[in-house]
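Asks: To start, I am sharing the structure in question, which I have written as structure tokens.
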Amino acid sequence: MGYLSKLQVIQRRKGQKQFYLICPSPLAQALEMEKGETLEWIVEDKRTLTVRRVDKKEARQRRGAHGQK
């Protein structure tokens, strides 16, 4: 089963935009997601975005790297 979400955009004063993609509660509950979990967003192509959990040890090692390995 799929869940639909709308992309939200906040326009900041200096012209910067911040994008938000909300994870629906039933999906987060089914995945047993917890507050503060680190997720990695991987662009497969223009139509496919993969989201994967990053374990706590890996998240600490990569903190501040913005996905760079």
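The values are calculated or read from the model by the stated rules, or taken from the named source; none is laboratory data. On a predicted model such as this, the values are computed, not experimentally measured, just so you know. Quick reminder, even Gly has a Cβ in these numbers, built from the backbone with ideal geometry, and neighbours come from all protein chains shown. For the accessible areas, the whole protein counts, side chains as well, though only heavy atoms, and no ligand, DNA or RNA atoms are used. Shrake-Rupley method; radii C 1.70, N 1.55, O 1.52, S 1.80 Å.
Asks: May I ask you to list the residues in region 22-51 that are in contact (Cβ under 8 Å) with a residue 12 or more places away in the chain, more than 25 Å from Gln61 (Cα to Cα) and open to solvent by 80 Å² or more (accessible area, probe 1.4 Å)?
Replies: Within region 22-51, Ile22 is the sole residue that qualifies.
Asks: For region 1-21, give me each residue that is open to solvent by less than 90 Å² (accessible area, probe 1.4 Å) and closer than 20 Å to Leu49 by Cβ.
Replies: The answer is Gly2, Ser5, Val9, Ile10, Gln18, Tyr20, Leu21.
Asks: Residues in region 55-65: is at least one modelled with pLDDT of 90 or more, over 10 Å from the mean Cα position of the chain (by Cα) and of a type in the set (A, V, I, L, M, F, W, C)?
Replies: Among the residues of region 55-65, not one is modelled with pLDDT of 90 or more, over 10 Å from the mean Cα position of the chain (by Cα) and of a type in the set (A, V, I, L, M, F, W, C), which makes the answer no.
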